[in-house]
Amino acid sequence: MYILGLSCFYHDSSAALLRDGKIVAAAEEERFTRKKHDSSFPLSAINYCLSSQGITINDIAYIGFYEKPFLKFERLLSQYLETFPKGLWSFVSTLPIWFSQKLRLIKIVRKKLKYKGSVLFVPHHLAHAASAFLISPFQKAAILTIDGVGEWSTTTYGIGEENEIKLLKHLAFPHSLGLLYSAITAYLGFRVNNCEYKVMGLSAYGESDKDKNQYYKKLKNTIDIKADGSFCLDMDYFSYCFAQKMPSKKLCQLLGLPIRKASEELTQSHKDIAAALQTITEEVIMKIINHLHKEVACENLVLAGGVALNSVCNGKILKNAPFKNIWIQPNASDGGTSIGAISYIYNSLLGNARNYQMEDAFLGPSFSNEEIKTFLDKEKISYQFLGDSELVEIGAKLIFENKIIGWFQGRMEWGPRALGNRSILANPLNPEMKDILNSRIKHRESFRPFAPAVCEESVSTYFECDSPLPEAARYMLLVYPIKEAWRSDLPAVTHFDGTGRLQAVNKDRNPLFYRLIEEFKALSGFSVILNTSFNTNNEPIVCTPSEAWNCAKRAGLNYLAIGNFLIKLDEK
Amino acid sequence: MKLFIKKLLNNRIVSFFIRGLKKISRGLNFIINTALLLIVYIFGVGLTWLFAKILKKHFLEMQPSKNRQTYWSDAELRGSDVSDYYRQF
């Protein structure tokens, strides 16, 4: 039985395909359309999913959608009714797209896909919960979902057992941790639903001591947090209920600074605001998790929702909460709900026993050596064809010699992180590498850190991490402090506050990448490589050989390892 | 006949004219949409807001309350009846 999952029309459209309980293909639309955070109907992602299995739309038993649009519309109308007349411009500009698109999903599916079968609508937070629990290694787990907003819910918790999910409590719009984070992201001059992770990275430069950070006390005025972790925002400080702009004038007065323009320099005040926001976010999440443990007696915890991508907070959960195990889906935000919808339909609605556990995030398209060779020959690109052993040996040597290489292998990753299949790799030992990559290759802000990819067995050597190491570390979802002894040796991947968002590379899940790191260790003594996504700023991660080649040229990489082909671009 | 229409559509002047018409129709669409939505907002949303204000009814909770012990509320329980999920609400 095939079930197709869709998420679209808000941000990060995606499609996912389930075959007899197993997720066999999934991809975000942006990777095909090359439009970052593409929210349009994911036709290209759907076509990929179907062609990967050699099926047509007629083979699909059900299509699952990641939310209930009419419920969401009800919430939208409530916003306008509550905030009249302030919402006039938002009302006039937003409603046409609801009538032409968001409330007509079935019609759009029938027209674009020529699909005559059943379309099922899974509530948003249920889709999030399912995307985490039903493909996790746990038969029983406490579930916590936190995002901007679904239909009405912004935060929910519940319990998952076998193939059933029961959501117990929720917090309703407009009280949202995700939207609080987005509002401050906008206040700091970054793009909403795009740059929240930049604010998380920036927070390391701010004052982490809440007694010393004046903005912590100020921001606490905007949110009332109860002992059980539930919270309520003072909406006088936020205008997202009725306007496109999220922070209100009152918030600007409270913080004593105007909304930062993107071109303005970041000051220490901005960094302190980011740090204060991160501290408050962690406080709320820890309180919720501790409360959840009292409500759901269980040692396992699964997280989902956009806020579950806050890897700085994730890395502190097991140390500060009574749960023993944690699992987070690699595409925890809205893009991942397509997997949640289909898992929920197959397991919970149709009553099938769970028979799938996500063990890696490699669900996107792959390209054979023949296909790559055809492309390279067509473009008249000179290359060397190498066996796997030669490739990792030479690749490691090049990285050790401070060359920056594009690494394009296997199936594309699912989720926002590059995990060694669509990556740019560099030497983590070089103190100048971070600046080189930020300014010359990726063209992004200088404060942005880079992630270390580490052989799984060596993680505890370099990091002060949880033991046993959670699987979430394989997906770059946890930030841990790098041990003091290693920080000066790994300057390119050690963030300002001494932490690193590590990727634990498993030998069985990504053998080629694992071997590359091992080869690097043989040369350098360190089983750590700098791993960043294969793209330049404001561009989705590359998907095809052609995109990899164009990006490599544009970014000025030294080498491109694409399949078993090594291409030299530049000696510099 | 089909060939003639195809040739006509490929004609530069005709396609320029068609593009122009499309722009005008988009513009008109925008004006009519905006006008209609303005009327709906003022009379539909506005009147409802007014009645709600008189009856002291709120659609969203906009302020914290120090008196409350918790802000958690019961999540809507969803059964496993597939027919529930055909609905968009």
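Laboratory data are not the source of any read-out in this text; all were calculated from the coordinates shown. It should be emphasised that the depicted structure is a prediction, and the values quoted were computed from it without experimental measurement. Every residue, glycine among them, receives a Cβ derived from its backbone with ideal geometry; neighbour counts consider all protein chains shown.
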Query - Cross-link pairs A:LYS111/B:LYS2; A:LYS210/A:LYS319; A:LYS378/A:LYS568; A:LYS111/B:LYS6 - those with Cα-Cα distance over 28 Å - result: none
Query raised in the report: Which shape class, rounded, prolate or oblate, goes with the protein assembly as shown when its Cα gyration tensor gives a ≥ b ≥ c as root eigenvalues, a/c under 1.5 marks rounded, and past that a/b bigger than b/c marks prolate?
Result: rounded
Report task. Please sort through the DSSP H helices of chain B and keep those with an alpha-carbon extent of at least 27 Å along the long axis and a Kyte-Doolittle average not below -0.5. Result -> B:12-39
Query raised in the report: With charges only on Cβ, +1 for K and R and -1 for D and E, what is the dipole size of the stretch A:175-267 about its Cα centre, in debye, rounded to 20?
Result: 220 debye
Query raised in the report: Measuring from a point 7 Å past the Cα of A:ARG444 along Cα-to-C-beta, which residues in the stretch A:517-551 have an amide N at less than 15 Å?
Result: A:530-542
Requested in this report: Can you find, among A:ASN213, B:LEU60, A:ALA297, the residue farthest towards the positive end of the dipole of the protein assembly as shown? Put +1 on the C-beta of Lys and Arg, -1 on that of Asp and Glu.
Outcome: B:LEU60
Report task. Please say if the stretch A:60-174 is rounded, prolate or oblate, where rounded means a/c under 1.5 for a ≥ b ≥ c the square roots of the C-alpha gyration tensor eigenvalues, and otherwise the choice is prolate for a/b larger than b/c and oblate otherwise? Result -> oblate
Query raised in the report: So, with +1 on the Cβ of K and R and -1 on the Cβ of D and E, and no other charges, what is the size of the charge dipole of the protein assembly as shown about its Cα centre, to the nearest 20 debye?
Result: 3020 debye
Report task. Just tell me how shielded A:80-90 is by partners: mean number of partner chain Cβ atoms within 10 Å of each residue's Cβ, no decimals. Result -> 5
Query - Antiparallel %, DSSP beta bridges [both residues in the protein assembly as shown], to 5 - result: 70 percent
Report task. Pop the C-beta distance of B:THR70 and A:GLU162 into the FRET formula with R0 = 30 Å and round what comes out to the nearest 0.05. Result -> 0.55
Report summary line: Rounded to 0.05, the calculated FRET efficiency for the beta carbons of B:ASN33 and A:LYS324 at R₀ = 60 Å is 0.60
**Report entry** Gyration tensor (alpha-carbon) shape descriptor, the stretch A:390-540, a/c threshold 1.5
**Finding:** rounded
Query raised in the report: Is there a pair in A:LYS442/A:LYS521; A:LYS36/A:LYS373; A:LYS86/A:LYS249 whose C-alpha atoms are over 21 Å apart, and which pairs would that be?
Result: A:LYS442/A:LYS521; A:LYS36/A:LYS373
Requested in this report: Work out the mean other chain Cβ neighbour count within 10 Å for the residues of B:53-60 and drop it here as an integer.
Outcome: 4
Report summary line: Square roots of five times the C-alpha gyration tensor eigenvalues of the stretch A:177-328, ordered largest first and given in whole Å, equal 27, 16, 15
Query raised in the report: A:LYS245's amide H: which non-local residues (gap 5+, or another chain) put their own amide H closer than 5 Å, with H modeled 1.01 Å from N in plane and none for Pro or chain starts?
Result: none
Query raised in the report: Magnitude of the Cβ-charge dipole of the stretch A:177-328, K/R +1 and D/E -1, about the Cα centre, nearest 20 debye?
Result: 200 debye
Query - Distance between modelled label sites at A:ASP388 and A:LYS220, nm, 7 Å Cα→Cβ extension - result: 5.5 nm
Query raised in the report: Just going by the charge dipole of chain A, with Lys and Arg at +1 and Asp and Glu at -1 on Cβ, which of A:ILE108, A:SER423, A:PRO468 is farthest out on the positive end?
Result: A:ILE108
Requested in this report: Mind checking A:222-229 for the average number of partner chain beta-carbons within 10 Å of each residue's beta-carbon?
Outcome: 3
